[in-house]
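Working notes for the structure below.
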Amino acid sequence: MEYLVGVPWLVSVALNVGRLTKRVSQPINDLRNRVLPHQLGFFLLDSKMLLKFFVMKEDVDIGKVVRQHLEMDEFFTGGFAIRGQQAMSTKPETEESSTHTAGELEKIADEIDRCRKCDLGSLRTNSVPGEGSPRARIMFVGEAPGADEDAQGRPFVGRAGQLLDKIIKACGLKRSDVWIGNILKCRPPENRDPRPEEVIGCLPYIQRQIELINPEIIVALGAHAARTLLNTNKAIGELRGQFLEYYAGIGRPPMKLIPTYHPAYLLRNYSQENRRLVWEDMKKVLAELGLPVPE
Ligand code: URA
């Protein structure tokens with residue numbers, strides 16, 4: 001028989017062997033992320049491929065064998081899996097690496113919760129360290145928590161947050177695909193602007209969070225986030241809509257940062273034009289990441 005159809009158990013055996021074998025766990029995980037939506041195609045393994053699995057010696061790279069098979073499949077069919085690599089909403093990292101990042105982010109969150117570098121630490125109800133995927137390709141960075149965020153300890157959960165959720169959804173993404181946080185981790189009273197000493201005290205937290213998550217694009221929401229991360233005094237109108245460079249530290253390549261209007265500004269100035277500008281900015285982000293750009 002030239003083709004064996006429907007061998008899901010074989011795939012899961014291969015994936016589990018991959019997980020147990022450190023050497024192959026990364027390609028297997030990459031593949032699982034890329035391939036799962038296309039399992040039907042994956043199950044059409046030809047008999048030679050199957051044979052390869054059974055006669056494989058210990059040092060055979062299972063991930064490589066499967067990848068080659070998929071690339072071959074793509075070559076003949078116009079492709080489904082490998083091209084999808086570009087269109088993933090989160091980075092294809094190993095479980096081990098994202099668990100490590102999540103653990104380090106948790107440590108930063110604990111530090112933030114104990115932080116009393118400025119008065120805001122004793123005025124807040126909850127600190128708001130930020131949340132989202134440790135494998136995020138996009139990090140949204142806002143200014144500071146408001147009343148709703150202070151009450152819940154979560155970023156962007158008030159009205160501005162609901163608008164941000166809509167923007168994320170319109171991009172074809174889920175909130176859990178991205179990471180969302182702020183420059184300040186505690187609410188300034190009456191939502192006043194952050195003071196320089198507060199920004200200086202808090203800045204290392206977002207810098208470390210960016211460094212850990214290492215996103216492909218940072219979206220700076222509003223003037224405060226954009227100016228702080230870019231170390232500039234320029235107006236948001238001048239900065240928005242362009243890919244600029246965020247410097248994560250000496251010896252590290254700059255990261256892409258695009259400023260856009262803050263959702264709270266959009267709510268206050270809910271014009272067709274302002275919405276269009278934010279949408280244009282987000283479409284640039286999607287295009288840059290190779291994600292589908294909605295009309
Ligand atoms: N505005 C912000 O800048 N951050 C939040 O978390 C909420 C509103």
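Values in this text are rule-based calculations from the coordinates and carry no lab data. This one's a predicted model, so the numbers in the text were calculated from it and none came from an experiment. Using ideal geometry, Cβ is built from the backbone for each residue, glycine included, and neighbour counts are taken over all protein chains shown.
DSSP finds beta bridges in the stretch 97-254, and of those with both partners inside it, around 20 percent are antiparallel.
Spin-label pair residue 113-residue 280: with each label point 7 Å from Cα along the Cα-Cβ axis, the two points sit 4.4 nm from one another.
Based on the alpha-carbon gyration tensor of the stretch 98-191 and its eigenvalue square roots a ≥ b ≥ c, which shape applies: rounded if a/c is under 1.5, prolate if not and a/b is larger than b/c, or oblate? Oblate shape, in that a/c is at least 1.5 and b/c is the bigger or equal ratio. Taking Lys and Arg as +1 and Asp and Glu as -1, the other residues whose beta-carbon sits under 13 Å from that of residue 270 total +4.
Efficiency by 1/(1 + (r/R0)^6): what FRET value for residue 97 and residue 252, r their Cβ-Cβ distance, R0 = 25 Å, to the nearest 0.05? The computed FRET efficiency comes out at 0.90. Taking a ≥ b ≥ c as the square roots of the eigenvalues of the Cα gyration tensor, the stretch 98-289 is rounded, since a/c falls below 1.5.
In sequence order, the stretch 288-295 has phi-based couplings of 4, 8, x, 8, x, 9, x, 5 Hz under the Karplus curve 6.51 cos²θ - 1.76 cosθ + 1.60, θ = phi - 60°, and Gly or Pro positions carry x. Of the peptides 162-171, 217-226, 264-273, the ranking by mean beta-carbon count within 10 Å, highest at the top, reads 217-226, 162-171, 264-273.
Exceedance of the 21 Å cut-off in Cα-Cα distance is limited, within the set 91/174; 91/283; 91/284; 234/256; 107/174, to 107/174.
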